[in-house]
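Trainee: Quick one: structure below, then a few questions.
What follows is calculated from the coordinates using simple rules that are stated; it is not laboratory data. Predicted model, so just to flag it, every value in this text is computed and none were measured.
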Ligand SMILES: [Zn+2]
C-alpha cells in the first residue's frame, strides 16, 4: 500500500500544575501532560427539570492524570482539551473498559 498523505500526528500537550484539590495536597510540580497521560473518569450525576417528579441521570466524564512526582490525581478542565483529542481519548480501549467497569458498579446499586 502507498500512503498518499501521512496521518496527522498527535503532538498535543498541555502544561498542568499538580494542585491541591479534594482536600488532597498537590506537590506543585509543573508537568507537560500529553494525551497518553490522560484518562477518563466517570461519575453519575443527576438533574431535574422544574415540574419533573424524578431526577434525570447521566454519566459525566472528567479528564484526569496522575502526577509522576507525588502520585496525586489531578483533573484537567474539559475546555482545555481540544475536541478532537477528547474524541480520541474516548475511543481508547482503556477508556472503554473504564466506562464499562463504571457502569457495572452502577447497576449493582
Ligand atoms: Zn504532584
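Trainee: Which distance in Å, rounded to a whole number, links the C-alpha centroids of the stretch 32-59 and the stretch 68-109?
Mentor: Between the Cα centre of the stretch 32-59 and that of the stretch 68-109, the gap is 11 Å.
Trainee: Where does helix 93-107 land angle-wise versus the long Cα axis of the chain, in degrees 0 to 90, nearest 10?
Mentor: 10
Trainee: Using only DSSP helix segments of four residues or longer, with each worth -39500 (n - 2.57), what per-residue ellipticity at 222 nm results for the chain after dividing by its residue count and rounding to 500?
Mentor: -7000 deg cm²/dmol
Trainee: Can you give the relative contact order of the chain as a percent, counting alpha carbon pairs under 8 Å and 6+ residues apart?
Mentor: 21
Trainee: Grab the Cα-Cα distance for residue 39 and residue 76, subtract it from 0.36 nm times how many residues apart they are, and report the gain in nm with one decimal.
Mentor: 12.3 nm
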